[in-house]
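What follows is calculated from the coordinates using simple rules that are stated; it is not laboratory data. Worth saying up front: this structure is predicted, and the values here are computed from it rather than measured. Reconstructed Cβ throughout: ideal geometry from the backbone, glycine too, with neighbour counts over all protein chains shown.
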């Protein structure tokens, strides 16, 4: 590789790392102000709708659903089993049970599969606060083998104590990694004045006491056909995919017990107003939480967010695109191009078990400008509430939103992942998006901002070395703790 190629490759990797890393670059203040180049300026927007995704569905007599999408010519197939019953909460048992399904299972003919793998690759198991997905992508000639293995995992797992040893070891590592997620839950739920705390050490102790019989009982309660779906995307006909679904899952019967093992994940409240959206809890003052430590200051500003099945979901995602974009209302534009104080500013929706949905706007700036930069973000939130966004910002948000949606259908695997998220109700369906996207107006964006944003009662959470900023920070919040 030439020196120039190595330099370009290194720059590309740094760029990827800067976008994806949880922690930002640590830099010395002041940053040199970065001028927005022509490439950074919002272009004239034009986008066209792609072809609609043709989804063929079927229902088994046991209540389970199957969905198939044909992608001819790829030579691949992606399978995703989805259940809404095995969801993560303060009870870690659903995660452990889902992980344990990989240890071993019995095929429909009674033969044992250990370890479970397709072409040397084990299925991926992911458990979130909304449910569990078991997925695999393989060449089309291995479709029947892959589907048989997933069916075996779901319906006929073998929780052999010896086989579970590596699963238990993995769980200890998972719990260490999960602390960052618990930390996110704690920060986000502070906004509801009901902080959700999770004791990872206590969870680890409880998992050690789970025996084979307890795991089998938990599995029967958490994995039920009426809460499950199977998604098949790939180079085969929908008829063949759904016939295979019926063959492998139609005889699966629900357990006699119905009591849940883990608490459900409700919306902020079950009561809805005339628009169909859940009312948003309001506080009377701004909350400021400071966790003094080492390193460059990291700040998150928390606001409310709608549930994914709310009528506000699509307008809110456009609002989020406006907030995170480079236009007049973008936080990134203010903190990087106008002020030169930050390398990045991002936002994400956090779903907290038994608490609700929250938007977290995060960035990292010098302690010397911290108070002023937080004030800038609060100002932008207020502006989005008080006046409609300009047409170009809305068009850019719609184009960006459509581009990201199109990217989710670039492969069999990403398409299956998207449909799994629809089944888990953590993203709107394509029909809902198509029906609402074009009709969202600037006034709709303002209405949703007015409903969910309130800079006067925001929760501001700061960690890092911020001693020099304390006097200025104290003026930002009436209710603040160190």
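Ordering 426, 138 by the number of other Cβ atoms within 10 Å of each residue's own Cβ, fewest first, gives 426, 138. Among 81-91, 291-301, 313-323, sorting by the average number of other beta carbon atoms lying within 10 angstrom of each residue, highest first, gives 313-323, 81-91, 291-301. Once you order the gyration tensor axes a ≥ b ≥ c over the Cα atoms, which shape class does region 293-363 get: rounded for a/c under 1.5, otherwise prolate or oblate by comparing a/b with b/c? Oblate. Classify region 279-409: rounded, prolate or oblate, from the alpha-carbon gyration tensor (a ≥ b ≥ c, eigenvalue square roots; a/c under 1.5 rounded; otherwise prolate if a/b is larger than b/c)? Because a/c hits 1.5 or more and a/b fails to exceed b/c, region 279-409 counts as oblate.
With both labels modelled 7 Å from their Cα along Cα-to-Cβ, the residue 144 to residue 74 distance reads 2.2 nm. Between residue 284 and residue 183, residue separation times 0.36 nm minus the direct Cα-Cα distance comes to 33.9 nm. Most simply put, region 56-249 has about 80% antiparallel DSSP beta bridges, counting only bridges with both residues inside it. For the pair region 404-482 / region 114-185, the C-alpha centres are spaced 29 Å from each other. In this label model, residue 156 and residue 383 are separated by 6.3 nm, measuring between points 7 Å along each Cα→Cβ vector. As a proxy for reagent exposure, 403, 153 were ordered by neighbouring Cβ count within 10 angstrom, fewest first; the result is 403, 153.
Spin-label pair residue 291-residue 194: with each label point 7 Å from Cα along the Cα-Cβ axis, the two points sit 2.2 nm from one another. For the peptides 418-425, 109-116, 333-340, the ranking by packing is 418-425, 333-340, 109-116, with the highest mean count of neighbouring Cβ atoms within 10 Å listed first.
Restricting to region 287-481, compute how many DSSP beta bridges are antiparallel as a %, nearest 5.
Just about 70 percent of them are antiparallel.
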